[in-house]
Amino acid sequence: MSYIEGMLLTIDDITRELCTVAALTVQGFSLPELKVHIKGSSNTGSNKSEILEIITQMIAYCRFPAATYALLAAQDVFDEVESN
């Protein structure tokens, strides 16, 4: 386990958050967690277009319904951030 933990710690925060967004998008059912990591991606330096591109790229792996839910979750997060 320490090897895996060491590998995860060598990835920068931006990459780690974007990978997590991709994985949660493909799952298709973890929307609360996805919102947390979309916000985390923004907080670590990813911009809106990068996050949306990651989600859009996942269409090939999860099809449109899961990606659509992810895009709607992203819009919720972006709206929340802009209103604050």
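General observations
- When A67, A73 are screened for being at negative phi, of a type in the set (A, V, I, L, M, F, W, C) and at pLDDT below 95, only A67 passes.
- Search result, residues across the stretch 13-51 that are among the hydrophobic types (A, V, I, L, M, F, W, C) and open to solvent by less than 50 Å² (accessible area, probe 1.4 Å): L18, V21, A22, L24, L34, I38, I51
The values are calculated or read from the model by the stated rules, or taken from the named source; none is laboratory data. Note that the structure is a prediction, hence the values are computed from the model and not measured. Accessible surface areas use protein heavy atoms only, side chains included; no ligands, DNA or RNA. Shrake-Rupley method; radii C 1.70, N 1.55, O 1.52, S 1.80 Å.
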